[in-house]
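Below: the structure, in structure tokens.
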Amino acid sequence: MEIKLRPYQLSDVDDFMEWVCDDQVIRTSRLRYYTSREEALDYLREVAIPHPWYRAICLEDRPIGFICVKPGSDYEICRGQISYALGSKYWNKGITTEAVKLVISSVFEEFPNMERLEGFANVEIKASQRVLEKAGFQKEEPYG
Ligand SMILES: CC(C)(COP(=O)(O)OP(=O)(O)OC[C@H]1O[C@@H](n2cnc3c(N)ncnc32)[C@H](O)[C@@H]1OP(=O)(O)O)[C@@H](O)C(=O)NCCC(=O)NCCS
């Protein structure tokens, strides 16, 4: 199963809605629920497409989730934050772990100021913790 990462396009809206309106995904993530195609199109147009690094996780060129890296700014320019979600029918096949590894293989070249990539996993979402662990992230206790 080959997965690829690419930017979202407005024409992806129907595939985007399929995973973003997936109750199991919404329940365990901080994503909001989209009630209409227009709202989803607005999100793609205003947030996902202009974002510095927001990619569709694609299977046979069809988006089945997202992965994004938010680069830090100002005094946090050396750190980036990764987040992701995948449609529930594709869970537990290693897809997100593979996507995270693909990101790691290129993101430090794309953002030369970035020295550290961080992932925040909700303690209750074991699958997300496991993804970070399998992709080689080191666990740190929360600071603050
Ligand atoms: C978290 C998420 C992205 C994982 O994607 P995925 O493609 O299924 O991840 P992978 O298949 O690469 O790895 C999942 C791992 O978690 C494990 N896992 C799944 N559910 C688990 C649970 N309840 N307890 C412990 N481990 C669990 C799987 O067994 C697998 O580990 P393994 O390969 O050692 O068996 C996906 O579940 C998702 O989109 N969830 C909703 C959004 C979300 O939670 N995003 C992260 C916000 S913190």
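The values are calculated or read from the model by the stated rules, or taken from the named source; none is laboratory data. Computed from a predicted structure; not experimentally measured. Here the Cβ is made from the backbone with ideal geometry for all residues, glycine too, and neighbour counts use every protein chain on show.
Okay, here's what the table says:
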{"quantity": "Close pairs from the range 72-87: first within 17 Å of Cys58 (Cβ to Cβ), partner assigned to a strand (DSSP E or B) and among the β-branched types (Val, Ile, Thr), Cβ under 7 Å, at least 6 apart", "calculated": "Tyr84/Ile67; Leu86/Ile57; Leu86/Ile64; Gly87/Ile64"}
{"quantity": "Residue under evaluation Gly65, criteria (1) at pLDDT below 95; (2) within 28 Å of Asn113 (Cβ to Cβ), criterion not met", "calculated": "(1)"}
{"quantity": "Candidates Ala99, Ala85, filtered to the one that is at pLDDT 95 or above, within 14 Å of the ligand (Cβ to nearest atom), outside any strand (DSSP E or B) and closer than 23 Å to Gly136 by Cβ", "calculated": "Ala99"}
{"quantity": "Condition met for Ile67 (buried (at least 18 other Cβ atoms within 10 Å of the Cβ) and within 16 Å of the ligand (Cβ to nearest atom))", "calculated": "yes"}
{"quantity": "Those residues of the range 17-74 which are part of a strand (DSSP E or B), in contact with a Leu (Cβ under 9 Å, 6 or more places away or on another chain) and not aliphatic (A, V, I, L, M), in sequence order", "calculated": "Arg55, Cys58, Gly65, Phe66"}
{"quantity": "Qualifying positions in the range 105-127 - surrounded by 15 or more Cβ atoms within 10 Å (Cβ to Cβ), assigned to a helix (DSSP H, G or I) and in contact (Cβ under 8 Å) with a residue 24 or more places away in the chain", "calculated": "Val107"}
{"quantity": "Any pair with Cβ under 9 angstrom, 6 or more apart, that starts in the range 1-30 at a residue that is closer than 16 Å to Ser88 by Cβ and among the acidic types (Asp, Glu) and ends at one that is in a helix (DSSP H, G or I) and modelled with pLDDT of 95 or more", "calculated": "Asp22/Ser88; Asp22/Lys89; Asp23/Ser88"}
